[in-house]
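The values are calculated or read from the model by the stated rules, or taken from the named source; none is laboratory data. If you're wondering where the values come from, they're calculated on a predicted model, not measured in any experiment. For neighbour counting, all protein chains shown are included, and Cβ atoms are generated from backbone atoms with ideal geometry for every residue, glycine included.
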Amino acid sequence: MPNQLHSTATPCIFLPTAASIPPRDPSPRPPTRPLQTSSPIPCSKSGALSLPFNLPFDLGFKDLPIDSNALLVLAASVAAAVPCIYICTANAVRNRFPELLEKRVCLLIAHPDDEAMFFAPTVLALARPDTGNHVKILCLSSGNADGLGETRKKELIQSGLALGLRDESDVFVVDNP
């Protein structure tokens, strides 16, 4: 049975009335243009409101007929396409470069926290259990500028273990100022 509401629907016209306008706020406001109630706002055949204006900023394409709906569709398309393109290219790059398997890797860093701030994705990828790699971290400073050297050494060990290192002995700190 066809939907009779849509088959007999005619384009609608929205005319603002006093009931559709919210009451005024008593706080003082700058003067605004009066609402023109004599000009109807047309609706499309589907019943969707078709606004008679474009976006409030100029895109620089004065000769091209770009309306708000087309711009929204374009933005949604780009928002959907970007993750898809990223996933496809990431898989292609991952499959193209060789993977380090069954290797011993030493990460040389200057200060504690460098492994987390700059190399975390690399350490996570190298220390995955399925790769069979043995990753070690060699740090050239304990970061004892404020007397927190021992604390920072312990934090470095905990960070290394959280990133996938096998044992506490896989973290070496050379503290020779």
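One residue is enough: does the stretch 70-89 have a residue meeting the conditions modelled with pLDDT of 95 or more and surrounded by 13 or more Cβ atoms within 10 Å (Cβ to Cβ)?
No: zero hits.
Pairs only if they're at least six apart or on different chains, beta carbon under 8 angstrom, first in the stretch 138-153 and at positive phi, second part of a helix (DSSP H, G or I); list them, first residue then second.
Correct list of pairs: GLY143/GLY149; GLY143/ARG152.
Report, by residue number, each residue of the stretch 93-121 that is at pLDDT below 90 and either loosely packed, with under 10 Cβ neighbours inside 10 Å or touching a helix residue (DSSP H, G or I) at 6+ places or on another chain (Cβ under 6 Å) (or both).
Of everything in the stretch 93-121, those that are at pLDDT below 90 and either loosely packed, with under 10 Cβ neighbours inside 10 Å or touching a helix residue (DSSP H, G or I) at 6+ places or on another chain (Cβ under 6 Å) (or both) turn out to be VAL93, ASN95, ARG96, PHE97, PRO98.
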